[in-house]
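Written out below as structure tokens is the structure these notes cover.
The values are calculated or read from the model by the stated rules, or taken from the named source; none is laboratory data. All figures in this text were calculated on a predicted structure; none of them were measured in a lab. Reconstructed Cβ throughout: ideal geometry from the backbone, glycine too, with neighbour counts over all protein chains shown. Areas reflect the complete protein model, heavy atoms only, side chains present, ligands, DNA and RNA absent. Shrake-Rupley method; radii C 1.70, N 1.55, O 1.52, S 1.80 Å.
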Amino acid sequence: MVLRTHGLVVGHDRSPACGPVDVALERGDVLSVVGDNGAGKSTLLRTVLGLLEPVGGRVEVLGRAVDEREAWFRAAVASVLDTEAFIPGVTAREHLLLVARGHATPGPEGVVDDLLDRFGILDAGSRYPASLSSGQRRRLLLAAAFARPRELMVLDEPEQRLDGDMRRALATMIRDEQARGTAVLLATHDPVLLREVGAPVLVVGDRCVVVHAQDAADRLAGDRG
Amino acid sequence: MTGAVDVRSLRRELRAGAAGPRRTVGEILTDVTYAAVCVALAAVLLLGVAGAVRDALLTAATEGQPFASGLVRTVLVASLATLTGWAALRLGPVSVPPHVAQWWLPLPVRRRGVLVPACLRAALVATVVCAVATVVVVATTLDVVTTTSVLVALVTGAEVGSVTVSLAGLLQVGGRVPGGLLTATEVLVGAVPAVGAVLLLLAPRTMMGVDDAAWWTDAAWPALTVGAVVCAGLLALWASRLGRVGAATLTSASASVGHASGATLSLDTRELGRAMSRERSGSRRSATSFSAVRGPRTAVVASEGVDLLRDPGALARTVAAGCAGLVAQQVPVLGGGPGLAVVLVTVGLCAAAVGARGARTAVVVPALDAVLPLGSRATRRARCVVPGLTATLAVSIMLSAHVVGDAAWVLLTGSASVAFGAAAVRGAYRPLPDWSSPLLATPFGAVSSSAVSTLLRGPDLAVLCSLPSAVALVTGAPTWGLVVVQVLLAGGAVVVAGRSAAR
């Protein structure tokens, strides 16, 4: 079991943000998380990552209690939230190289160049992250998550600042992760991404329920329309 | 409302509205008296300390320990000028608050009127700070301090500050200050004490003979008069060209000033360091492959090492710290014994702080420590390596006369440098002050006790874990027992620095 929650209640200052969550992700499972603004999607992801204390219940990753300070957790879990974390003083390509080599990724240079190409930032590899556009920095963050080994991937609205083609490419990469045996937990507002990924969807609210991707995507598209 | 809006009358009305109810004469007199008393207290305190230091120096000089006071004064005043220039370029020198930038800059009004107060404020701050600092330097190091020498020092410092900030202002008017110029200024900040140290090493007798005492007398007034005219001219030229400063330049300067002001007010030296540093931008022609990186620990060390090597200003500051320590030893009371131990801790900690940029960044962006598969304790211990190396470089320069050819001194100072590196990391990861803690009453107002204790995190470890080296400096000779204790304390310092906060 890669990720398991037992009556997990998430929130801030002991105040629940949504109803209890019970999920179980095996290797190769993908779970999308949707909900209204303020429903608790990001709070759920941050709690799974150990950045917030649960209000109630518990969460386990790889059968162990979550502690984001531990080496085993950092080695197993790759995440992309809204925070930009770039190693200071190095270019975009060097950042990916350090991440890849730091995680002992085989063939790091080839992996990095391939990721820069897939995320459309090959030409930006020699630039410092501060010089990149917000969209390019977002792609660099995503590339860093794919540049290292992972058993669980947690993505918070990865579609932000990505164009349509890139979102479809991302969906393909998530399906590839699934085939590779990585568990993926992904919060999103994008109906296209939901449909393309095609995974079960956890709707976060006062009552958290799991629905089909198509139903959730239709509902999101309807909300936008 | 008909006709064009008269901007002057609009500003007058806004200013009147913002001023609030009129203040009584008594309230104004109270505030003025309070300010005057604070300034007088600070001046008396500064001059008292300067006098005590000067008496100690004179006593040492009469006991046969003369020091190159002229060189020390020249290096200090030159360092003041370069520091002022660097700070002025980094922060503007002219900037406007964000609300002014948002409201006034897009309006079709002459920008000069909005910027003249900021220009005068920057000139006043630089002039006053440099004047006071020069008076302190002269009052501390000059053999005979008279009213004339104090006045000459005051005017000399004021003119140095005024010229420096005016030149920086004229550069700002010309457009965004090139990154290369900022880097050159940073390197210059380090070069001044380095040049002083090199001159002292190469020609000690000549440097001992450097005598600037004639300057601090009435003989300086003609030159100072000309200097005053030059200052006034530069200031007027700068003020006349203020309308050419671009909005992008002003906006970026206002962000830096806001950041630095907030950090200063909250006594957060770490944040002040971040406000004064520049984020690397642009692109690089050459890239590092990091082929030597074999895992997370080497990744941390390699990234911090590359970051340091790509920052000429940081390297210059490291060398400058060591050279400043070398020059400081010219002051008799600092050339041996407890004084030298104090210089060692100061130099070691300052140089280690230069190398601790990675740790300071990780505090602001906690996700950075989670990028690599290394626990938080091990990450912090890995982050002690580069600060330890910068401390080693500076301490080696400072104590070059001791360490050359003496294995015990090499091990002692090397281990002490490891402790300084750990202390810098401990200081970088310190928590924010708790402003709800009890206040300490001081002559200058209330200060949070938590702020004081937080500021001491880092220096506390440096002082404690460098005690064996301090003992060796006081006694004048290291023993192998001290070396063993120093090595153990250095290891303990790294363990302490690695401790992370409880969940």
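Structure notes:
- In segment B:361-405, residue most open to solvent (accessible area, probe 1.4 Å) [restricted to those that are facing chain A (nearest Cβ under 9 Å) and over 16 Å from residue B:302 (Cα atoms)]: B:377
- The listed residue being crowded, with 18+ Cβ neighbours inside 10 Å, modelled with pLDDT under 95, within 30 Å of residue B:34 (Cα to Cα) and among the polar types (S, T, N, Q), out of B:454, B:413: B:454
- Of B:223, B:260, all but one fail to be more than 14 Å from chain A (Cβ to nearest Cβ), in a helix (DSSP H, G or I), closer than 26 Å to residue B:458 by Cβ and of a type in the set (A, V, I, L, M, F, W, C); the exception is B:260.
- Scanning segment B:263-312 for residues that are facing chain A (nearest Cβ under 10 Å) and polar (S, T, N, Q) returns B:277, B:281, B:283, B:286, B:288, B:289, B:291, B:298, B:303.
- Screening residue B:250 with (1) of a type outside the set (Val, Ile, Thr); (2) over 15 Å from residue B:93 (Cβ atoms); (3) away from chain A (no Cβ under 14 Å) gives one miss only, at (2).
- Of B:272, B:200, B:265, B:224, all but one fail to be open to solvent by 70 Å² or more (accessible area, probe 1.4 Å) and among the aliphatic types (A, V, I, L, M); the exception is B:265.
- Filter pass, residue A:165 being of a type in the set (Asp, Glu) and within 14 Å of chain B (Cβ to nearest Cβ): no
- Qualifying residue in segment B:233-241 (condition: open to solvent by 70 Å² or more (accessible area, probe 1.4 Å), aromatic (Phe, Trp, Tyr) and in contact (Cβ under 8 Å) with a residue 60 or more places away in the chain): no
- Conditions (1) closer than 24 Å to residue B:174 by Cα; (2) at pLDDT below 75: number failed by residue B:241: (2)
- Condition met for residue B:315 (within 14 Å of chain A (Cβ to nearest Cβ) and open to solvent by 30 Å² or more (accessible area, probe 1.4 Å)): yes
- Taking segment B:416-451 as the range and being small (Gly, Ala, Ser) and at pLDDT 90 or above as the test, the residues that pass are B:416, B:417, B:419, B:421, B:422, B:423, B:424, B:427, B:428.
- Segment B:156-203, residues that are among the acidic types (Asp, Glu) and modelled with pLDDT under 85: B:186
- Contact map, segment A:1-19: first residue among the basic types (Lys, Arg), second residue buried (at least 16 other Cβ atoms within 10 Å of the Cβ) and part of a loop (DSSP other than H, G, I, E, B), Cβ cut-off under 7 Å, separation 6 or more or different chains; pairs are A:14/A:55.
- Out of A:8, A:3, A:31, one residue alone is farther than 22 Å from residue A:171 by Cβ and crowded, with 17+ Cβ neighbours inside 10 Å. It is A:8.
- So residue A:55, is it more than 12 Å from chain B (Cβ to nearest Cβ) and in contact (Cβ under 8 Å) with a residue 24 or more places away in the chain: yes
- For segment A:183-225, the tally of residues that are modelled with pLDDT under 80 and surrounded by 14 or more Cβ atoms within 10 Å (Cβ to Cβ) stands at 7.
- All positions within segment A:97-143 that are at the interface with chain B (Cβ under 8 Å from one of its Cβ atoms), touching a residue at least 24 places away in the same chain (Cβ under 8 Å) and either buried (at least 24 other Cβ atoms within 10 Å of the Cβ) or among the hydroxyl-bearing types (Ser, Thr, Tyr) (or both): A:99, A:102, A:126, A:128
- Residues satisfying the stated conditions in segment A:61-96, i.e. more than 18 Å from residue B:374 (Cβ to Cβ) and facing chain B (nearest Cβ under 8 Å): A:81, A:83, A:84, A:89, A:91, A:93, A:94
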